[in-house]
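Down below is the structure, laid out as structure tokens.
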């Protein structure tokens, strides 16, 4: 931090007008020291000569572009929290920026409040990394650990396990309910490892069908099957030397488990259509939202595979077992929601926070995130109130739970809340029932209910439902 605790922010853009706008926006907050660079090369020279807490860089610039700058910063100045500005808004650029450790991105043209919210979130992340109980010489790892918000004893233990396992290449099994943040923990493991500069790749095990698993994971050679006019690298080759994360490994079939067993044990594989055994050096991390031990007992999971996965388990507790973490998580999610929505909501009222803490959150952090973002959109002022959280039952003993509305405005709000609750519950049951009837297969579920797959997926995202929830 700079003078009197001020955070130091470096703005990088080849357009002087953008730099001036960003500088004025942040200086007006009186909590930031701001530097400006007109190119990636100049930014690196400034970072080499003086420390900055946050880097805000454009994507498209002559010479060194934003992604190249992020790669260099990750190696030379990993303590800096980065934000990407882009007028192009491509998904691939955003995903690549996140993979390189960017905290967030804002799409041009953006409002000053969007930039302020993004920078405030980045500064808070930097502060948590500096003051974390999980002190480490690897500042990139500290930043990744700081994303796992929560000071409960359970979460302190989780972060300590990640610190312990990070530097090794040991196989890790992350256990937790849907929405608890298992992939976040996997990424923190990668950041804390000696492979941090290599790729991290996540595989959704719900998509590993019997017919595609080998070609997707292990690739194929030219002529392996009709239409294979060229060869294709498999995911395991793409991520060689990095970390391969299998999300919800509990959802793969027994046939797929048999095909993966040798690779998990020996890190060896044979591309489809080839006779050549290939070997890779990857760190394997797995996640499950089901009890694999019980699945072994019921014949749903191979015992030999279970023991290859269950080397170093890390259990992430559900939110209902660490309610003391909900306020800090909610405030962090609010900052992210303001960036995504362009709103300037500053706080959550005590009544609303009490309701958040009392709620059981069966969907855990993912469900909490959806509720915070929805409340941010509904909020017209600077503070989220209980009325902005219609998906929560009113706090026990509150007037909303026990008394009729006193004004027409309260009546209209209550009617809307009841209608929203009913529609939300109906849509959730509709999606889950369709997925369960079809074994978690999204395409089959969409056909079953007569919807386009994209529309069905949109409804899934809106209700915070994953394909694995239907298995």
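The values are calculated or read from the model by the stated rules, or taken from the named source; none is laboratory data. Source: prediction; values computed, not measured. So basically every Cβ, Gly included, is an ideal-geometry build from the backbone, and we count neighbours across all protein chains shown.
When residue 227 is tested against (1) surrounded by fewer than 14 Cβ atoms within 10 Å (Cβ to Cβ); (2) at positive phi; (3) in contact (Cβ under 8 Å) with a residue 40 or more places away in the chain, just one condition goes unmet, and that condition is (3).
Quick one: how many residues across the range 114-132 are at pLDDT below 75 and in contact with a helix residue (DSSP H, G or I) (Cβ under 7 Å, 6 or more places away or on another chain)?
Step one: of the range 114-132, the residues at pLDDT below 75 are 128-132.
Applying the additional criterion that residues be in contact with a helix residue (DSSP H, G or I) (Cβ under 7 Å, 6 or more places away or on another chain) yields 128-129, 132.
So the answer is 3.
So, residue 241, is that one surrounded by fewer than 18 Cβ atoms within 10 Å (Cβ to Cβ), at pLDDT 90 or above and either assigned by TED's automatic domain parsing to the domain that holds residue 311 or not in a helix (DSSP H, G or I) (or both) or not? Against the criterion (surrounded by fewer than 18 Cβ atoms within 10 Å (Cβ to Cβ), at pLDDT 90 or above and either assigned by TED's automatic domain parsing to the domain that holds residue 311 or not in a helix (DSSP H, G or I) (or both)), residue 241 qualifies.
If I filter the range 79-113 down to residues being assigned to a helix (DSSP H, G or I) and modelled with pLDDT of 80 or more, which single residue comes out as nearest to the chain's Cα centre (by Cα)? Per the criteria, the residue is 113.
Is there a residue in the range 388-395 that is part of a helix (DSSP H, G or I), surrounded by 11 or more Cβ atoms within 10 Å (Cβ to Cβ) and at pLDDT 75 or above? So far as the range 388-395 goes, yes, one or more of its residues are part of a helix (DSSP H, G or I), surrounded by 11 or more Cβ atoms within 10 Å (Cβ to Cβ) and at pLDDT 75 or above. Being in a helix (DSSP H, G or I), under 26 Å from the mean Cα position of the chain (by Cα) and not assigned by TED's automatic domain parsing to the domain that holds residue 191 holds for only one residue in 69, 26, 55, and it is 69. Taken together, 76, 60 contain a single residue that is under 28 Å from the mean Cα position of the chain (by Cα) and modelled with pLDDT under 85, which is 76. Annotation: of all residues in the range 279-314 being part of a strand (DSSP E or B) and touching a helix residue (DSSP H, G or I) at 6+ places or on another chain (Cβ under 7 Å), the one that is surrounded by the fewest Cβ atoms within 10 Å (Cβ to Cβ) is 312.
Across the range 327-373, which residue is modelled with the highest pLDDT among those that are under 24 Å from residue 105 (Cβ atoms) and in a loop (DSSP other than H, G, I, E, B)? Among those that are under 24 Å from residue 105 (Cβ atoms) and in a loop (DSSP other than H, G, I, E, B), it is 345. Within the span defined as the range 195-204, one or more residues are at pLDDT 90 or above, under 15 Å from the mean Cα position of the chain (by Cα) and within 19 Å of residue 305 (Cβ to Cβ).
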